[in-house]
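The values are calculated or read from the model by the stated rules, or taken from the named source; none is laboratory data. These figures come from a predicted structure and were not determined experimentally. Quick reminder, even Gly has a Cβ in these numbers, built from the backbone with ideal geometry, and neighbours come from all protein chains shown. Quick note on the areas: whole protein, heavy atoms, side chains included, nothing else; ligands and nucleic acids left out. Shrake-Rupley method; radii C 1.70, N 1.55, O 1.52, S 1.80 Å.
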Amino acid sequence: MRARSKSEMTKSLNWFDIIWFGVGSVLGAGVFVLTGQAARDYAGPAVIVSYFISGLSALLSVLCYTEFSVELPVAGGSFAYLRVELGDFIAFLAAGNILFEYIVSGASVARSWTSYFATLCNHKPEDFRIHAPFLAQGFNELDPIAVILSIAICVGACLSIKGSSKFNSFVTIVQSFVMIFILIAGLTKADSSNFQPLAPFGVDGVIRASAMLFFAYVGFDGVSTLGEEIKNPGRDIPIGLIGSMIIVITAYCLLGATLCLMQPYSQIDVDAPFTIAFEAIGMNWAKFVVAFGALKGMTAVVLSNIIAQARYFTHIARAHMAPPFLAVINEKTRTPVNATVVMTIANCSVAFFTGLDILANLLSISTLFLFSLVSIALIIRRYYVSGETTSSDRNKLIGFLTLIIVSSIGLALVWVHSKNFVGYIVLVAIWFIATLGLKLTLKEAKKPKLWGVPWMPWLPSASVAINIFIMGSIDGPSFTRFSIWTAGLLLYYVFFGLHASYDAAIETREKSDAENVEAAAEC
């Protein structure tokens, strides 16, 4: 697969780089982009609980990703993992959602960069966008600054991965100091009465906010795409992924609490919550520091996003599920220039037109779907090996996995439609029995060589349940858009991807056979 890229990527990253890539790709996307909307419209001060719920779900997914990325350190990330365990079709669906996730994420952060840049220039957050009344609501605020930002970062990402890593580390460290400033300065103006009521929209609002805020954690899976460029994957990936996630969850909860202590939830600004909050409490000078830090943080997020997109697309193209020219690694820079440019064009197209509220919910569905697939794939990886696992054990695995998935979907539906206590008890019992059945009746067929998820199969099973439960709180129109996108992917796969990946497999097999014949002749 790597040979199809013609050149190799450079192994130049260590655990320190991975931690800062992890923090840089995640921290800032949530706190500066969606905290305001989640607190004002859904959770109130209980936004800290929402951050914790979505963070816990993301952490479980991180553990699953870590085992895969240590065992399979390739640029394809979750696409490569799913292709190995679940086959081309599921991997292709995941690939489409991976790319969708990163395009939407990059566009969201780029648009928020414009809002904070406006406040830094002493303007209102929406002042630097162009209103186009002839376009539909949600798509009529044009954002040329987001496009310029994405193009500038694309150039840097094409030039050098090590240079991008150094820039990311510097920017993220500066951003960390700004966040410490926000905590200290904001808490000097804290008013505990702003925490009353704690959850004005009830538990429903808290869960809906956690679904939206899952957006805040999506960047970490992009770190797994750096596998080919990491010096010691067995050591560096677990330290980098898990360490950065713990840092991010802690920071998000603290910053969410600080924002709600500074200002009543109903007065929080959606576009630039922290800068406007400092202005509201009379610290007008501080809003410029915050805006500067937000710009630094979101620049790191867009950089990490574009780097991850390109590496995903490179590996997808290696499988011929995307045009093969996108798999090429530039011989001079040792980076996937073609894939980087194409994905940046897609980012710019979405960022120019689409509003943040539409983007956030779309992103959460796509990401939660993907994370659920990775957790399922990890269970299959541990309990099934082709040619070794008996038919009886395979059928047990299929049955238990089906019960886990169905009970998780049932919990989400009961939560949304009836909130029946008996329904919760029955469905949780089914999930528990199915997971226990996996543990007690099936022997692990494949042990991880370097690093493995602890408490199998409980952690990946819980990850599936929590992801699907959170997904159930996302609004209907977002599911409609997601369904349209998935239908388009299916059409592409039937008419192009299926045949291209089959031809690539035949080509690889013929090349392997020829090499074997040549080796036999030499002997």
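Only lysines eight or more places from Lys443 in sequence, or on another chain, were considered; those with a Cα closer than 27 Å are Lys396.
Applying the Karplus relation 6.51 cos²θ - 1.76 cosθ + 1.60 with θ = phi - 60° to the range 384-391 yields 3J(HN,Hα) values of 9, 10, 4, x, 10, 6, 5, 4 Hz, where x marks Gly and Pro.
Highest mean packing comes first when the peptides 305-312, 262-269, 329-336 are listed by Cβ atoms within 10 Å, giving 305-312, 262-269, 329-336. Model label sites at Phe496 and Leu135, defined 7 Å from Cα along the beta-carbon direction, differ in position by 2.4 nm.
Sequentially through the range 248-264, phi angles give Karplus couplings (6.51, -1.76, 1.60; θ = phi - 60°) of 5, 4, 4, 5, 4, 5, 5, 6, x, 5, 4, 4, 6, 7, 6, 8, x Hz, Gly and Pro residues having no value and appearing as x. Stretching Thr441 away from Leu187 to a fully extended chain increases their span by 86.2 nm, per 0.36 nm per residue minus the current alpha-carbon distance.
Of the residues Phe177, Ser210, Leu254, the one whose Cα sits farthest towards the positive end of the charge dipole of the range 174-304 is Phe177 (charges of +1 on Lys and Arg Cβ, -1 on Asp and Glu Cβ, taken about the Cα centre). Which parts of the range 471-496 would a label at Val406 reach, counting a residue when its backbone N lies under 18 Å from a point 7 Å out along Cα-to-Cβ? Counting only backbone N, you get no residues. In the range 293-423, the ratio of gyration radius to Kirkwood radius, Rg to Rh, stands at 1.10 when only Cα atoms are counted. Give me the log10 of I(q) over I(0) for the range 272-350 at q = 0.11 Å⁻¹, as the Debye formula computes it from C-alpha points; what are the numbers? At q = 0.11 Å⁻¹ the computed log10 ratios are -0.46. Apolar share of the accessible surface for the chain: 68 percent from carbon plus sulfur atoms, 1.4 Å probe.
Report the full-extension gain for the segment Ile433 to Lys231: residue separation times 0.36 nm, less the Cα-Cα distance, to one decimal in nm.
Values: separation 202, 0.36 × 202 = 72.72 nm, distance 4.15 nm.
Result: 68.6 nm gained on full extension.
How tilted is helix 202-213 with respect to the longest principal axis of the chain? Cα atoms for both, answer in degrees (0 to 90, nearest 10). For 202-213 against the chain, the angle is about 60 degrees.
Report, in debye and to the nearest 20, how large the dipole of the range 18-174 comes out about its Cα centre when Lys and Arg carry +1 and Asp and Glu carry -1 on their Cβ. Walk me through the numbers on the way to the answer.
Values: 7 positive and 10 negative charges, 80 e Å.
Dipole magnitude for the range 18-174 comes out near 380 debye.
Compactness of the range 423-472 was expressed as the Cα radius of gyration divided by 2.2 N^0.38 Å, which yields 1.32. Ordering Ile405, Leu442, Trp431 by Cα displacement along the dipole of the range 393-451 toward the positive end leaves Leu442 in first place; charges were set at the Cβ atoms of Lys, Arg (+1) and Asp, Glu (-1). Charge tally around Ile18: other residues with Cβ under 12 Å, Lys/Arg +1 each, Asp/Glu -1 each, net -1. Pairs over the 30 Å Cα-Cα cut-off, from the set Lys189/Lys296; Lys162/Lys189; Lys332/Lys447: Lys162/Lys189; Lys332/Lys447.
Just round it to a whole percent: the fraction of Cα-Cα distances in the range 99-179 exceeding 19 Å.
Details: 1684 of 3240 pairs.
Of all Cα-Cα pairs in the range 99-179, 52 percent lie more than 19 Å apart.
Heavy-atom accessible surface of the range 68-142, averaged per residue, reaches 33 Å², computed with a 1.4 Å probe.
A Cβ-based charge dipole, computed about the Cα centre of the range 367-506 with Lys and Arg at +1 and Asp and Glu at -1, lands at about 380 debye. Over the C-alpha trace of the range 385-427, radius of gyration and Dmax come out as 14.9, 45 angstrom.
Applying 1/(1 + (r/R0)^6) with R0 = 56 Å to the Cβ-Cβ distance of His417 and Glu331 gives a FRET efficiency near 0.50. Over the residues of the chain, the helix contribution to mean residue ellipticity at 222 nm works out to -23500 deg cm²/dmol, using -39500 (n - 2.57) for each DSSP H run of at least 4.
With respect to the chain, whose longest principal axis is taken over its alpha-carbon atoms, helix 161-187 is tilted by about 40°.
In a simple Cβ point-charge model (Lys, Arg +1; Asp, Glu -1; nothing else charged), the chain has a dipole of about 640 debye relative to its Cα centre.
A 1.4 Å probe over all protein chains sorts Glu67, Glu444 by accessible area into Glu444, Glu67, starting with the largest. Over the range 386-467, the ratio between the Cα radius of gyration and 2.2 N^0.38 Å evaluates to 1.23.
Working note: Debye formula, equal point scatterers on the alpha-carbon atoms of the range 97-140, no solvent; log10 I(q)/I(0) at q = 0.15, 0.16, 0.28 Å⁻¹ is -0.49, -0.55, -0.94.
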